Amino acid sequence: MDDSPAVHQEMLTTSEEQSQPNPVGCNKYRRLLLVVFSLSIFSLALGLGVYSHLQKTADPWTSQWKSAAPPCLSPACVRASEHFSTAMDPFSRPCDYFLFACGTGGSSTSDKRHRVKGIHSEDFGELDKKREMRIRRETDVQGNSTGGLVKFPDRKDALLKTVREILEDPEEGVSMSAAERKAKKYFKTCMDAESPEKVGSKPFLELLQQLGGWAVSDGWNQTDFNTTLALLMSQYSTFPFFSVYVGSDPDEEQTASDRLYIQIDEPHFQFPIDWNSKTQKSKASTRYLRPFYMSCGQYLNLLGVPSNKVTQHCGLYISLSTTLALFTAPLRYRLSQKLLYNRITIQELQTLAPAINWHACLQATFQPLPISKSDLILVHNLPYIIQMSQTINKWQDQHGMMGFGSLNTYMIFNLLHTLIPALDSRFFQTMRNFSIATGDTQREMPRWLRCIQQTERGFDILLSHALRERHTQNEAEELIHDVYSSLKKKLTDLIWRDDRSSAFILRKIKSLNPRLSTKTNNLSHAELNRLYAEVVLSEEDFFSNYLQMLVLEQRSRIRLLSHGTQTDGLSITPFVSGNDIIIPVGMFVSPFFHSSYPRALNYATLGSLMAKDLLHLLLPDIHTRANNPESVSMCIWSHYVSVTKDPGRVGTFSLSLFEQQEVWVQYSALQVALDAYKMSLARHPEDSSLSGLSYIHLFLSSFTKVTCDADPYREFMPFEPSFLVTVLCSNSRFCPTPLTCVNKSQRYPPEMCQSRTLH
């Protein structure tokens, strides 16, 4: 049946209405989609933000663990790569590493380290056998000294080698300062061994004539005792009866401008002196008097003195020398009796020791500085100074003209010893023979080393300037800043025994300012040239050059007294001056540091050594002020015993307080250096590497190598300090892989012995 048109129309209308969307429902749907889309965008942005933040705050080497950093190809890096091999890699053979890392790749473990308190040497029998086998394997692989792994040198040796390279570099035309040319000329004439041989003793005899002769010769003009003494002190750096130097008073509170004082002390005698602890008296060692007499006669023969005068003058010289030696005392006794740093005016000293014209002698020594009789000086072992004055008066009174002549001969002999390095080899060999007779078994110092030391005595400022100019750039300043900043964080992290200690130490650390070298090293080339303008050196006459070097050495003392600023010279040890910690430029030499090295190498080697130096300098008795040295060192010791012994015996061993402190210092230095490197990478994410190692891999390998080869504190450790890398890596996020040995049951917390400084 057909539908009616009306019904059909209604159905069409209804169908159309149903097919059209509902406006209200559609809007709700759109809003829902918008919300979902907005949440998705927000979540994505939040995720990217969190990821970006994590990337910025994460350890900068995290992404480098399994991939090598860009290689460093500079000449310095090529040389540095010779110091590394798999033998020093902490992660190649961990079972060997954390016991014997130093092996033949560094220094052998000393026997005394096997006899640590609480451990018997027989306990290490099996370990010794393994170590011996390992050393043999490495020797087979690495070969002898000509083909083996290159060791890090002693830091002092590295500095001296660098200075030698500076002094032997060919001249660079106008780019080299006139002062540097003079230093190189001095070194060159010193190295010329043939020149002194040609002239023999003639230069010294001519100098004696200028001084008025001496008592063993017929032409002596009997110059006044104090006149001769003042001349030797001021022009020839010779102090026969007492020594004179400039230094601070440790009992005086340090200020930003430390005051320095003239200091008077015992002289250096040419023969050994015995100390009797029962009688508390000194005496010249009688078994060495005959060799001393023989050397005296040989010197006189070399100077052409008639043989009939040798016995008389050598006898009087030895008699006066041994008499003066009776009044000396070793340092430990002078410390116990508080005989050091006695404040006294020059006038008061004149009253107590009138034989010496103190004002005239000191005025001549420090001219043109004004020296007043009311000036305070510091005297060490005043009883010696008083007895020395009385002895001089007795010899002048009792011996008459002979006594006066003996005093003159005594002074001239001291001058001769000062000038022996500038005379022909016969004099030096005579001195060397006497040293051997007194038991000196040290090898003879090579000529180049003696010449460097002499050059430094006169050209200390110039050499410090040259070291800074050539070897320390912005990287050095950054390393100092980072290490000290990390060290301050480390000390803040300590648990102090009381609030007073905490406040004192933290205030001290925060008030000090570490800086590279000293003010005098900021001199320009023009200022350096003016400083050495009066120095005129000969191309061939080393003797006259040596005399000029002595004058320069005296000027250094004058400059130190007037300006109160020490030059670090050939130093490798930081020191405190006022509110500054002076970091010597001599520390920043290869292979410990180079501006082109990967920063991982610089921070692991010099950074860790610097941290140890600073901790020893600033906190010599940290174990009395904080709890950390004991707790951390015992944690590390327990870890060490757990991998070398039956873990059940861990609690049966202990360390002395000294060992506890040293273990803490060594481990803290590793942590400080690592944290400092993290600071550096945060500023400069890019770095290079050596031998295909990642950043942290190179850092830990470098620390191991330098600790084994060149750490002076290593001998005071109860185990190889390189073992500390194992402890650090107990928290595996710091290391490419965990340092574990599958043959040992190592049970320790995942962040054992760690510090908040590293988190």
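The values are calculated or read from the model by the stated rules, or taken from the named source; none is laboratory data. Since the structure is predicted, the reported quantities are computational estimates derived from the model, not experimental observations. Quick reminder, even Gly has a Cβ in these numbers, built from the backbone with ideal geometry, and neighbours come from all protein chains shown.
Remarks
- Helices (runs of 4 or more DSSP H) wholly inside segment 608-715 that include at least 3 residues being more than 30 Å from residue 77 (Cα to Cα): 608-618, 628-644, 657-683
- Filter result for residue 381 (at positive phi and within 33 Å of the chain's Cα centre (by Cα)): yes
- One residue stands out in segment 575-594 among those that are touching a helix residue (DSSP H, G or I) at 6+ places or on another chain (Cβ under 9 Å) and more than 19 Å from residue 153 (Cα to Cα): the one that is surrounded by the most Cβ atoms within 10 Å (Cβ to Cβ), namely 583.
- Residues of segment 484-510 classified as within 27 Å of the chain's Cα centre (by Cα) and of a type in the set (Phe, Trp, Tyr), total: 2
- Yes/no for residue 384 being in the same structural domain as residue 340 (by TED's automatic domain parsing), at pLDDT 95 or above and among the aromatic types (Phe, Trp, Tyr): yes
- Meets criteria (assigned to a loop (DSSP other than H, G, I, E, B) and at pLDDT below 90) for residue 468: no
- Condition check for residue 750 on (1) in contact with a helix residue (DSSP H, G or I) (Cβ under 7 Å, 6 or more places away or on another chain); (2) at pLDDT below 80: one failure, at (1).
- Residue 491 meets all of the listed conditions (1) free of Cβ contacts under 8 Å to residues at least 12 places away in the same chain; (2) crowded, with 18+ Cβ neighbours inside 10 Å but one, namely (1).
- In the set 213, 247, only one residue is of a type outside the set (A, V, I, L, M) and part of a strand (DSSP E or B); that residue is 247.
- Residue count for segment 716-731, restricted to those that are part of a loop (DSSP other than H, G, I, E, B) and not acidic (Asp, Glu): 6
- Considering residues of segment 464-477 that are over 27 Å from residue 674 (Cα atoms) and touching a residue at least 24 places away in the same chain (Cβ under 8 Å) only, the residue surrounded by the most Cβ atoms within 10 Å (Cβ to Cβ): 465
- Exclusive hit being in contact with a Ser or Thr (Cβ under 8 Å, 6 or more places away or on another chain) and surrounded by 16 or more Cβ atoms within 10 Å (Cβ to Cβ), set 480, 461, 505, 509: 461
- Pair list, Cβ under 7 Å, 6 or more apart: segment 197-211 residue more than 16 Å from residue 418 (Cβ to Cβ), other residue in a loop (DSSP other than H, G, I, E, B): 197/424; 200/424
- Listed conditions (1) touching a Leu at 6+ places or on another chain (Cβ under 7 Å); (2) not in a helix (DSSP H, G or I) are all met by residue 480, apart from (2).
- Every condition in (1) more than 30 Å from residue 614 (Cα to Cα); (2) under 25 Å from the mean Cα position of the chain (by Cα); (3) modelled with pLDDT under 90 is met by residue 405 except one, and the failing one is (2).
- Test for residue 183: is it assigned to a helix (DSSP H, G or I) and in contact (Cβ under 8 Å) with a residue 24 or more places away in the chain: yes
- Test: residue 511 is in contact (Cβ under 8 Å) with a residue 40 or more places away in the chain and among the small types (Gly, Ala, Ser): yes
- Filter result (touching a Phe, Trp or Tyr at 6+ places or on another chain (Cβ under 6 Å) and polar (S, T, N, Q)) within segment 194-224: 195
- Filtering 300, 260, 289 for residues that are surrounded by 16 or more Cβ atoms within 10 Å (Cβ to Cβ), at pLDDT 90 or above and not hydroxyl-bearing (Ser, Thr, Tyr) leaves a single hit, 300.
- Counted residues, segment 535-564 - those being surrounded by fewer than 18 Cβ atoms within 10 Å (Cβ to Cβ) and in a loop (DSSP other than H, G, I, E, B): 6
- Qualifying residue in segment 355-368 (condition: aliphatic (A, V, I, L, M), closer than 18 Å to residue 223 by Cβ and modelled with pLDDT under 95): no
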